[in-house]
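Each remark here refers to the structure printed beneath this line.
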Amino acid sequence: MRKSLLITAIALVAMLTGSNAMAENLRGKFGITGRLGAIFPAESERNHQDGKLVVETDPGFVGGGGLFYGVDDHVALELNVDHSLFHTKGWSDKSRRASMNDVSMGAQYRFNDRNDVVPYLGGGLDVLIPDLDDLQVDTVLGLHLTAGVDFFVSRNLAFTAELKGLGAFDADVNRLGTKVGDYDPSNISTTVGLRLFFN
């Protein structure tokens, strides 16, 4: 038992010390990212004869991934596709399952002061494709800001954690060709995942 613990500890130290070469040499590197987490959607509004009614949303799940390219030692470009699932209450007398696809393009500025822990800030443009069961929802644009950190466990592999805030234009919600409300795709999400680097 002690021998196996010792071997595990040595392997872990070797992985952590072997990570020092990665973050300082980001230029020209490609990578892929996969992640899972929680999403906290904004509330929406439904048209009513007495005025606007609030449509409540529950926290849900988000998952996805994308491509990563290092422009230089501090700047990287990203292309991501994320899919989220959650429930809404207020479009009618029943709870509705909602989902949204988010295609985002953006950039990161990475702080490479330490080689094994790399914080970053980012931002970019999002194309948002919501779905509300039997209701028709328009596709809209949004903007996002991110803050995250990569923990390198080897030269080509990092654990990543990220907080993302997204603001978007309201999308028209229609039933049988008639507008019944405004859907707000804005949200905050937090995710964890893996980033794998090539070349």
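Given the criterion over 30 Å from GLY28 (Cβ atoms), open to solvent by less than 60 Å² (accessible area, probe 1.4 Å), among the hydrophobic types (A, V, I, L, M, F, W, C) and at pLDDT 85 or above, identify the matching residue among PHE68, PHE86, PHE152.
PHE86
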Response to the item:
Exactly one of GLY167, GLY106 is assigned to a strand (DSSP E or B), of a type in the set (Gly, Ala, Ser) and surrounded by 16 or more Cβ atoms within 10 Å (Cβ to Cβ), and that one is GLY106
Worksheet item: Is there a residue being in contact with a Gly (Cβ under 6 Å, 6 or more places away or on another chain) and at pLDDT 95 or above anywhere in region 173-185?
Response: no
Worksheet item: Of the conditions (1) part of a strand (DSSP E or B); (2) at pLDDT 80 or above; (3) farther than 20 Å from LEU128 by Cα, VAL54 fails just one. Which one is it?
Response: (2)
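Results for (1) assigned to a loop (DSSP other than H, G, I, E, B); (2) more than 22 Å from PRO41 (Cα to Cα), shown as yes or no for each residue.
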residue	(1), (2)
LEU145	no, no
ASP150	no, yes
PHE159	no, yes
ASN174	no, no
LYS179	no, no
ASP182	no, no
PRO185	yes, no
VAL192	no, no
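The values are calculated or read from the model by the stated rules, or taken from the named source; none is laboratory data. These numbers were taken from a predicted model, which means no experiment stands behind them. Neighbour counts are summed over all protein chains in view; Cβ atoms, including those assigned to glycine, are modelled from backbone coordinates with ideal geometry. Protein only, heavy atoms only, side chains kept; ligands, DNA and RNA dropped before computing areas. Shrake-Rupley method; radii C 1.70, N 1.55, O 1.52, S 1.80 Å.
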